[in-house]
Amino acid sequence: MHELEKQISDLEGRALRAIEAVALTDPEGLEKVEATRLAFIGQKGELTTILRALNSLDKTDRPRVGQLANIVKQKVEGALKEKHTALYEQGLSSRLAGDAIDVTLPGSRIASGHIHPLTQLIEEINTIFFSMGFSVAEGPEVETDYYNFDALNTPANHPARDEQDTFYTNIGQSVLLRSQTSNVQIRVMEKHKPPLRIISPGRVYRNEEINARKYPLFHQVEGLLIDRDVTFGQLKGTLEAFIRALFKKPLQIRFRPDFFPFTEPSAELDSQCPFCSGKGCRTCGNRGWLELLGCGMVDPNVLKGVGIDPEEFSGFAFGMGLERLAMLKYDINDIRHFYTNDLRFLEQF
Ligand code: DAH
């Protein structure tokens with residue numbers, strides 16, 4: 001037997017023993033198998049070194065030794081593969097055993113989120129108006145003063161602009177954070193021909209000092225209906241139906257004259273206090289009535305501005321503050337609760 005053949009057989013023995021020696025329970029078993037492969041039959045392993053001498057062999061010996069080397073390499077590879085599979089399966093089954101579920105254990109409670117009370121109220125209001133044929137429209141919160149004021153019959157220097165302490169941006173003199181959802185009225189009327197029936201819930205911003213009643217960010221729901229021969233009676237009927245559905249009981253409503261630049265006539269709508277049915281309680285400050293929203297008949301100037309003929313069409317609009325409504329409905333005494341994300345508050349809804 002040639003010296004090289006001896007070396008190869010010796011390598012075979014040592015490699016197989018090394019593989020044999022890796023215990024199935026060894027957590028580093030897979031790494032050890034790989035190290036064994038590299039050491040014996042890897043590209044820079046022992047077998048490669050031995051085979052370098054093959055060239056110096058006699059031509060008659062070369063095929064025989066070469067063949068032996070191949071056989072040994074295959075045997076070692078086979079043993080490595082077997083060990084690898086065994087180790088892998090062992091690892092898998094012990095992991096599975098570790099993961100096994102004891103179905104008799106009590107389950108752990110999955111914490112579920114809550115829909116924010118304001119979102120709940122928006123959804124409720126949407127549903128009520130859907131049933132009366134309205135759909136939802138949206139408009140931008142970063143707006144120009146044209147949509148927030150001018151087109152709503154509130155030109156520059158109009159005193160109504162001062163009542164809403166508006167946040168202006170540094171994008172330009174005329175770009176602001178909308179102070180009311182009324183901008184959506186204009187955007188809808190510009191795009192769509194009457195008849196129109198939309199509501200638009202959304203965020204509005206005003207530069208207010210924060211206290212229990214005021215917050216610089218709040219929500220409004222705007223409403224707009226445009227059609228032929230729309231009357232104040234229809235406005236009243238619509239809002240009466242809305243308030244009955246919202247408070248789930250028939251309540252008297254009353255209008256008080258008010259002023260908004262974009263409606264004529266304009267009114268403030270009060271409803272009988274749903275908590276004391278008008279007798280007077282803490283929620284209504286003993287008045288028996290709650291101020292709920294502003295409304296009116298759309299000013300002909302507004303219609304003209306968006307290219308709707310006020311001789312042919314008329315309409316009504318309304319707008320309400322959501323936080324105020326939610327505070328009344330759920331008896332919440334501080335607007336800041338809506339924005340502090342305190343779970344003790346949120347979990348009550
Ligand atoms: N935009 C008004 C405000 O923020 C609320 C309002 C009043 C909206 C009358 C209307 C309306 O659509 O007709 O105070």
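The values are calculated or read from the model by the stated rules, or taken from the named source; none is laboratory data. These numbers were taken from a predicted model, which means no experiment stands behind them. Note that each Cβ is placed from the backbone with ideal geometry, even for glycine, and that neighbours are counted across all protein chains shown. To get the accessible areas, we keep the full protein, side chains included, count just its heavy atoms, and leave off ligands, DNA and RNA. Shrake-Rupley method; radii C 1.70, N 1.55, O 1.52, S 1.80 Å.
Considering only residues that are more than 12 Å from the ligand (Cβ to nearest atom) and of a type in the set (S, T, N, Q), look in the range 220-237 and name the one that is least open to solvent (accessible area, probe 1.4 Å).
231
Restricting attention to the range 142-166, report how many residues are more than 14 Å from the ligand (Cβ to nearest atom) and either surrounded by 14 or more Cβ atoms within 10 Å (Cβ to Cβ) or at pLDDT 95 or above (or both).
Of the residues in the range 142-166, 5 are more than 14 Å from the ligand (Cβ to nearest atom) and either surrounded by 14 or more Cβ atoms within 10 Å (Cβ to Cβ) or at pLDDT 95 or above (or both).
Can you name the condition, by its number, that residue 248 falls short on among (1) open to solvent by 80 Å² or more (accessible area, probe 1.4 Å); (2) under 36 Å from the mean Cα position of the chain (by Cα); (3) at pLDDT 95 or above?
(3)
Go through the range 192-210 and report how many residues are over 28 Å from the mean Cα position of the chain (by Cα) and away from the ligand (no atom under 14 Å from the Cβ).
Of the residues in that region, 5 qualify.
Exactly one condition in (1) in a loop (DSSP other than H, G, I, E, B); (2) touching a Phe, Trp or Tyr at 6+ places or on another chain (Cβ under 7 Å); (3) of a type in the set (Lys, Arg) is not met by residue 193; state its number.
(2)
Output the number of the condition that residue 307 fails; it satisfies all remaining conditions of (1) among the small types (Gly, Ala, Ser); (2) over 25 Å from residue 246 (Cα atoms); (3) crowded, with 16+ Cβ neighbours inside 10 Å.
(3)
Here is a check on your reading of the model: is residue 268 farther than 20 Å from residue 114 by Cα and either open to solvent by less than 30 Å² (accessible area, probe 1.4 Å) or in the same structural domain as residue 235 (by TED's automatic domain parsing) (or both)?
yes
Given 256, 336, which one is charged (D, E, K, R), over 21 Å from residue 186 (Cα atoms), within 16 Å of the ligand (Cβ to nearest atom) and at pLDDT 95 or above?
Step by step, each of 256, 336 is checked, and only 256 is charged (D, E, K, R), over 21 Å from residue 186 (Cα atoms), within 16 Å of the ligand (Cβ to nearest atom) and at pLDDT 95 or above.
Assigned by TED's automatic domain parsing to the domain that holds residue 182, surrounded by 14 or more Cβ atoms within 10 Å (Cβ to Cβ) and in a helix (DSSP H, G or I): which single residue out of 287, 324 fits that description?
One residue alone meets the criteria, 324.
Among the listed residues 42, 91, which satisfies the condition of being open to solvent by less than 40 Å² (accessible area, probe 1.4 Å), in contact (Cβ under 8 Å) with a residue 60 or more places away in the chain and of a type in the set (Gly, Ala, Ser)?
Going through 42, 91 in turn, just one is open to solvent by less than 40 Å² (accessible area, probe 1.4 Å), in contact (Cβ under 8 Å) with a residue 60 or more places away in the chain and of a type in the set (Gly, Ala, Ser): 91.
List, please: which pairs have Cβ atoms under 9 Å, are six or more places apart or on different chains, and start with a residue in the range 260-273 that is over 11 Å from residue 153 (Cβ atoms) and within 10 Å of the ligand (Cβ to nearest atom) and end with one that is of a type in the set (Lys, Arg) and open to solvent by 20 Å² or more (accessible area, probe 1.4 Å)?
267/256; 268/256; 269/236; 269/254; 269/256
Just checking, which of 184, 188 is within 11 Å of the ligand (Cβ to nearest atom) and either of a type in the set (Val, Ile, Thr) or part of a loop (DSSP other than H, G, I, E, B) (or both)?
Exactly one of 184, 188 is within 11 Å of the ligand (Cβ to nearest atom) and either of a type in the set (Val, Ile, Thr) or part of a loop (DSSP other than H, G, I, E, B) (or both), namely 184.
Can you tell me which of (1) buried (at least 21 other Cβ atoms within 10 Å of the Cβ); (2) within 35 Å of the chain's Cα centre (by Cα); (3) assigned to a loop (DSSP other than H, G, I, E, B) is the one residue 275 doesn't meet?
Of everything listed in (1) buried (at least 21 other Cβ atoms within 10 Å of the Cβ); (2) within 35 Å of the chain's Cα centre (by Cα); (3) assigned to a loop (DSSP other than H, G, I, E, B), residue 275 misses just condition (1).
Residues of the range 14-58 being in a loop (DSSP other than H, G, I, E, B) and over 13 Å from residue 84 (Cα atoms), which ones?
42, 43, 44, 45, 57, 58
Would you mind telling me which numbered condition in (1) out of contact with any Phe, Trp or Tyr (no Cβ under 6 Å at 6 or more places or on another chain); (2) under 18 Å from residue 324 (Cβ atoms) residue 257 fails?
(2)
Does residue 63 satisfy being under 60 Å from the mean Cα position of the chain (by Cα), assigned by TED's automatic domain parsing to the domain that holds residue 80 and modelled with pLDDT under 90?
Against the criterion (under 60 Å from the mean Cα position of the chain (by Cα), assigned by TED's automatic domain parsing to the domain that holds residue 80 and modelled with pLDDT under 90), residue 63 does not qualify.
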